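> Below is one structure. I have some questions about it.
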Amino acid sequence: MLSKAVSMDLGHRKWTVWTAIAVIFLAVQVMAVQAQQVSLAPLAEKISPSVVNITTTTVVAGRTGPQGIVPEGSPFEDFFREFQDRNGGEGPRPRRSSALGSGFVISEDGYVVTNNHVIEGADEIMIEFFSGDELPAVVIGTDPNTDIALLKVEAEAPLDFVSFGDSDLARVGDWVLAMGNPLGQGFSVSAGIVSARNRALSGTYDDYIQTDAAINRGNSGGPLFNMDGDVIGVNTAILSPNGGSIGIGFSMASNVVTRVVDQLKKYGETRRGWLGVRIQDVSDDVAEAMGLERAAGALVTDVPEGPAKEAGMQAGDVIISFAGNDVDDTRGLVRQVGNSPVGETVRVVVMRDGKTRTLKVTLGRREEAEGAVPAVAVPPEEEPETKEYFGLTLAPLSDELRGELGLADDLEGLAILEVAEGTEAFEKGLRAGDVITEAGQEPVQSLQDFDSRVTNAQDGGRKSLLLLVRRGDDPRFVALPIS
């Protein structure tokens, strides 16, 4: 009986081993099949007909005579002038300059999306399709703020097109495809992943997807696809020391692009909401100086004539909520306001004197409000009665100082005459010619006022004093340590 039991146990073990081998063999077979199916060729074939090459032509004024060839006064100047005379003595001839870019079709009736910098200043725009056909395009509208342009071609038959996806659903690590016309080599596909999200370069409305999919010159305006074949970005810029791809490319997120495209298609221009305030981020030291629990929100530094002022907003308010959405920083607020319809009335929650207030603001239009250029402050030549605080040499504003600084006659405050290098005031950007109009969120007009604000902050246990500083027409809050 014992030998029979041992025999059965060995048989069971052999069956288990063979079963395991069979399972492993099947798994390898499945993995091999899956490996064959990961080719991106089917996706590329599906979306390629909607991607286009863009060629622009611009007429550039010609040069006159030897200028630009030899320096003025050079002994060779007469030689080149005689050479020009022998060739007809004609004046400067205009020349035609060409540039290349990419784009993609978003509707069967011929709307094409690309970058604004691809077609900016162009006299002629030609669209080349994957099939080799070419059609001229006209500009429907552009938005330099997001570097997006909308074009239109007239085709005899419906065009292949692609749809926008939800860029907010793209995750770091997701596979993506970039398509376009790199370096003028024609239609090209590169693959990579989403390397990062919510990148900002230099624009107010920046929301870039970073990718390591190869993007080079000529790819500008081309689409960035997810694996469903939806456009989640418009390839716009690269970070590179040599002008070639090093795996750091940026695509404007589709959720930004779709709003711009919709407005360009409807109005031929953008129409963004405008709150009418100057703002800055709430830093840790500013939050401490204001007695805030955390460094979040957008600190209002100035409220000129506009929607916010009409609603009762004041300098020193901290905007913590806009239209029901929390405000983390100034960038987030600017995007929320810009994405809101012009004329819409929204609820804005602000923190003022330690309490929250809800204001109803009817938004204006940003494009109509832009264009003011701040004046440049000039340091005064002569110093009146002065006193030094925290490395700052301050003096009350007089008519003479107002005139030297180019300030309004009714502006009150303390002029900064000097800023000691190496101090925190200097590190935080304060310079001679700036004007302090508030300290501790109260107006200051004299050195005695400033003394009082410093004393009140110290008595209140504050580690820093919050200053409202103006440079020309540009105000901002700065917190300086007082302990």
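> For an R0 of 45 angstrom, estimate the FRET efficiency from the Cβ-Cβ distance between ASP474 and ASP228 and round to the nearest 0.05.
0.50
> What Rg and what Dmax come out for the stretch 274-369 when only alpha-carbon atoms are used, in angstroms?
12.3, 37
> At what distance in nm do the modelled label points of LEU239 and ASN325 sit from each other, each positioned 7 Å from its Cα along Cα→Cβ?
2.5 nm
> Determine ³J(HN,Hα), in whole Hz, for all residues of the stretch 224-238 in sequence, where each value follows from phi through the Karplus function 6.51 cos²θ - 1.76 cosθ + 1.60 and θ = phi - 60°; x replaces Gly and Pro.
After applying 6.51 cos²θ - 1.76 cosθ + 1.60, I find 10, 9, 8, 6, 8, x, 9, 7, 10, x, 10, 4, 10, 8, 10 Hz.
> Related question: Check ILE482: other-chain or 5+ apart residues with amide H under 5 Å from its amide H, H built from backbone geometry?
Residues meeting the amide H criterion: SER464, LEU465.
> OK, next. Arranged from highest to lowest average of other beta-carbon atoms within 10 Å per residue, in what order do the peptides 406-418, 179-191 appear?
179-191, 406-418
> Using θ = phi - 60° and the Karplus relation 6.51 cos²θ - 1.76 cosθ + 1.60, list the HN-Hα couplings for the stretch 319-327 in order, rounded to whole Hz, with x at every Gly or Pro.
Karplus-based 3J(HN,Hα) across the stretch 319-327 equals 7, 10, 8, 9, 6, x, 10, 5, 10 Hz.
> If r is the Cβ-Cβ distance from ALA369 to GLU442 and R0 is 30 Å, what FRET efficiency results, to the nearest 0.05?
Once rounded, the FRET efficiency stands at 0.55.
> Additional query: Residue-wise, which Karplus ³J(HN,Hα) couplings in Hz belong to the stretch 176-189, taking 6.51 cos²θ - 1.76 cosθ + 1.60, θ = phi - 60°, and x for glycine or proline?
Each residue's phi maps through the Karplus curve to give 9, 10, 10, 10, x, 10, x, 6, x, 7, x, 4, 8, 10 Hz.
> Take the alpha-carbon centre of the stretch 298-340, take the same for the stretch 405-483, and report the distance between them in whole Å.
Between the Cα centre of the stretch 298-340 and that of the stretch 405-483, the gap is 23 Å.
> Ranked from highest to lowest mean number of other Cβ atoms within 10 Å per residue, what is the order of the peptides 280-289, 458-467?
Going by the mean number of other Cβ atoms within 10 Å, highest first, we get 280-289, 458-467.
> Over all directions, the average projected area of the alpha-carbon convex hull for the stretch 167-267 comes to how many nm²?
6.7 nm²
> Which parts of the stretch 292-333 would a label at ASN456 reach, counting a residue when its backbone N lies under 18 Å from a point 7 Å out along Cα-to-Cβ?
292, 314-318
> Go through 142-148, 131-137 and give me the packing order, highest mean Cβ count within 10 Å leading.
Taking the mean over residues of other Cβ atoms within 10 Å, the ranking is 142-148, 131-137.
Laboratory data are not the source of any read-out in this text; all were calculated from the coordinates shown. Just so we're clear, the structure is a prediction, and the values are computed from it rather than from any experiment. Neighbour counts are summed over all protein chains in view; Cβ atoms, including those assigned to glycine, are modelled from backbone coordinates with ideal geometry.
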